[in-house]
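These notes are about the structure you will find just below.
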Amino acid sequence: VTELANPKAAVFFAAILPQFIDPHAPVVPQAIVLGAASLAVEFVVLSSYIVGVDAIRRRGFSASSQVLAERVGGVFLIGVAAAVIAERT
């Protein structure tokens, strides 16, 4: 459902997937196999996120862990902003 609701998935399939399709073989079965593989990978990735977040939720965040997570996230965002600024100059 997540992949179907994401418009980037349609762009991915239109731009990237044709490179992996053999034009001399039936196209529809190849597209189905590649689409199923993509859905399987997406399922594993999102399931891993769910399991990890649930484990964190069950244990809870201590105040010091929350401050550390916020600082690391802030440093990351500042780094991305700096990279964007450096790229534009």
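The values are calculated or read from the model by the stated rules, or taken from the named source; none is laboratory data. In this text, all values refer to a predicted model and were calculated from it rather than measured experimentally. In this analysis, Cβ positions are derived from the backbone assuming ideal geometry, glycine residues included, and neighbour counts consider all displayed protein chains. Areas reflect the complete protein model, heavy atoms only, side chains present, ligands, DNA and RNA absent. Shrake-Rupley method; radii C 1.70, N 1.55, O 1.52, S 1.80 Å.
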Dipole-positive endmost among LEU17, GLY35, SER48 within the range 11-89 (Cβ charges, Cα centre): SER48
Per DSSP helix of 4 or more residues, -39500 (n - 2.57); summed, then divided by the residues of the chain. What does that give at 222 nm, rounded to the nearest 500? -27500 deg cm²/dmol
Sequence order, the range 38-46: Karplus ³J(HN,Hα) from phi using 6.51 cos²θ - 1.76 cosθ + 1.60, θ = phi - 60°, Hz rounded, Gly and Pro as x, gives 5, 5, 5, 5, 4, 4, 5, 5, 5
Pop out the ³J(HN,Hα) list for the range 27-35 in order, Karplus 6.51 cos²θ - 1.76 cosθ + 1.60 with θ = phi - 60°, rounded to Hz; leave Gly and Pro as x. 6, 4, x, 5, 5, 5, 5, 5, x
3J(HN,Hα) from dihedral phi, the range 76-84, Karplus parametrisation 6.51/-1.76/1.60, rounded to Hz, x for glycine, proline: 4, 5, 5, x, 5, 4, 5, 5, 5
Size of charge dipole - the chain - debye, nearest 20, with Cβ of Lys, Arg +1 and Asp, Glu -1, no other charges: 380
Computed over the chain, protein heavy atoms only, probe 1.4 angstrom, the accessible area per residue in square angstrom equals 84
